[in-house]
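Here the structure is laid out as structure tokens; the discussion comes afterwards.
The values are calculated or read from the model by the stated rules, or taken from the named source; none is laboratory data. As the structure is a computational prediction, the values presented were derived from the model and not from experiment. As a convention, Cβ positions derive from the backbone with ideal geometry for all residues, glycine included, and neighbour counts pool all protein chains shown.
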Amino acid sequence: MRTTRHSTRAFALAAAGALALSACSAVEEGGGGDGGGGASGEIKTAEGVTSEPCPDAVNEDNGCIYLGVLSDLSEGPFAALAVPITDAQRAYWKQVNEDGGIAGYDVDIDTNTRDTKYQAAEHAKMYRQIEPNILALAQTLGTVNTEAILPDMDSNDIVGVPASWWSGYAFEANDKGLILESGYSYCTEAVVGLDWFAENHEKPTSVASVGYPGDYGGDSAVGVEQWAEANGVSKVTKVDTGPNQVTGNQDAVVSAITKANPDVVVLAVGPAENAEIVGKLAAGGFKGRFMGSLPTWNPALLDSAAAPALKASYNHMAPMESWSGKSEGVAAMKESLDNKPPKNAGYVIGWATSYQMHAVLEKAAENGDLTRAGVRAAVPEITVDFQGMQAEQTYKGNGKDVAVSEMIVSKPDDADPLGTSQIGEPFTGTTFDKLDYSKACSAG
């Protein structure tokens with residue numbers, strides 16, 4: 001079932017850090033607030049839900065569901081992406097409220113939005129601050145940051161939507177059944193992306209991965225290795241790097257890739273590093289191609305010196321349609337912007353990663369239990385329809401029971417407002433189905 005501007009029927013994906021951090025909880029014991037009674041006597045409520053209307057309520061007769069947002073909103077490495085992600089989520093819930101809300105409640109994400117600067121300690125601090133007052137987390141940016149608060153989320157039945165795509169989210173041993181991921185993992189992305197390359201160019205005889213250590217680049221690198229093993233490719237090069245704020249430049253990557261001379265390089269870095277690596281390698285005569293992970297792209301790259309090299313040798317991978325998509329979800333997203341394109345695809349990500357929280361809140365309300373425990377219990381019951389923006393998602397099971405492998409591949413395109421245009425239909429490939437996928441690809 002789907003939600004549009006004229007319907008409130010139920011609905012039936014960064015980036016990762018450059019350094020590996022401990023997954024131990026950084027959260028001390030926090031209190032649970034008094035949520036108050038619900039707007040409907042038939043629905044059980046507690047923390048994060050009030051019978052009083054939301055601040056600046058759209059529907060003054062509705063109660064209020066308070067959701068939290070923990071994101072990189074100022075000086076962190078992913079602020080350029082995270083700010084529009086958060087803007088899109090704000091617009092999404094505004095639309096839901098304008099359509100009547102959820103079971104007699106409007107949804108508020110502004111009151112408990114906090115800037116974590118992409119630091120695990122700050123993420124935990126801000127989580128402690130808002131935890132007594134929220135029902136769930138509409139956004140928790142970054143895997144290592146989310147892992148830092150996950151033990152407390154588990155203790156308090158706090159369900160959350162991640163702004164990261166770690167393979168560990170497909171396994172309850174890692175996410176405790178609390179994380180509402182969307183789309184494929186970075187690991188699966190590399191596997192499917194190389195299938196696409198082999199089908200649309202030629203089967204490579206040598207491959208390479210370049211990425212940040214940890215859940216992002218580490219996950220992607222394992223995917224490259226798994227694809228190579230499954231397809232009989234023995235020449236595999238793995239190059240670790242970091243953002244330029246840490247490494248200064250990407251010269252070491254350029255040197256390593258030049259020496260290895262692979263047919264294709266899978267990139268799991270940021271846009272600035274993407275441009276530098278592709279641009280310098282092309283200038284040095286490198287003839288291979290590049291497959292870029294979801295966080296590698298920014299339309300501003302088409303105004304950079306690397307634009308000709310990117311147009312000639314780069315393809316972008318994403319789990320969801322972008323601005324040029326034809327789905328109902330893209331149409332609704334465009335309407336929220338009055339058809340004026342955003343600065344980058346962060347807005348697309350924010351819109352697409354709002355559907356799963358909407359679906360679980362609708363299901364919990366249908367079950368008559370809008371408490372934290374009620375929302376958690378509803379997670380395995382939902383099938384999330386993203387209005388065609390990406391593949392449906394479920395949360396009952398582990399590994400391939402819940403993993404998504406559908407990909408949108410694009411090429412740089414000056415004519416598109418966000419700088420890429422989709423190539424063909426969504427692609428799945430054949431290698432992922434052959435893999436074991438019984439545990440997380442990387443430790444996160």
Residue satisfying all of: in the stretch 252-262; among the β-branched types (Val, Ile, Thr) and closer than 25 Å to Ser185 by Cβ; farthest from the chain's Cα centre (by Cα) among these: Ile257
Unique residue being crowded, with 20+ Cβ neighbours inside 10 Å, within 25 Å of Ala359 (Cα to Cα) and among the aliphatic types (A, V, I, L, M) when the list is Ala136, Ala120, Ala124, Ala148: Ala136
Residue, surrounded by the fewest Cβ atoms within 10 Å (Cβ to Cβ), within the stretch 268-293, restricted to residues that are part of a helix (DSSP H, G or I) and out of contact with any helix residue (DSSP H, G or I) (no Cβ under 7 Å at 6 or more places or on another chain): Ala283
Subset tally (residues that are of a type outside the set (Lys, Arg) and touching a helix residue (DSSP H, G or I) at 6+ places or on another chain (Cβ under 7 Å)) for the stretch 338-347: 4
Residue that is nearest to the chain's Cα centre (by Cα) [pool: residues in the stretch 212-251 that are under 17 Å from Trp196 (Cα atoms) and among the small types (Gly, Ala, Ser)]: Ser220
The stretch 297-315 - residue that is in a loop (DSSP other than H, G, I, E, B) and of a type outside the set (Ser, Thr, Tyr) and, of those, farthest from the chain's Cα centre (by Cα): Ala305
Residue within the stretch 38-52 that is at pLDDT below 95, crowded, with 20+ Cβ neighbours inside 10 Å and over 17 Å from the mean Cα position of the chain (by Cα) present: yes
Any hit, the stretch 378-387, residues being farther than 18 Å from Met317 by Cα and in the same structural domain as Pro295 (by TED's automatic domain parsing): no
Close pairs from the stretch 421-439: first within 26 Å of Asp215 (Cβ to Cβ), partner modelled with pLDDT of 95 or more and assigned to a strand (DSSP E or B), Cβ under 9 Å, at least 6 apart: Pro426/Met407; Pro426/Ile408; Pro426/Val409; Phe427/Met407; Phe427/Ile408; Phe427/Val409; Thr428/Met407; Gly429/Met407
Extreme residue, nearest to Glu189 (Cα to Cα), among residues of the stretch 316-335 that are touching a strand residue (DSSP E or B) at 6+ places or on another chain (Cβ under 8 Å) and in a loop (DSSP other than H, G, I, E, B): Pro319
Of residues in the stretch 187-211 being among the β-branched types (Val, Ile, Thr) and more than 22 Å from the chain's Cα centre (by Cα), the one farthest from Ala403 (Cα to Cα): Thr205
Helices (runs of 4 or more DSSP H) fully within the stretch 216-260 counting 2 or more residues that are modelled with pLDDT under 95: 244-247
In the stretch 298-319, the residues that are crowded, with 24+ Cβ neighbours inside 10 Å and closer than 16 Å to Trp196 by Cβ: Tyr314, His316, Met317, Ala318, Pro319
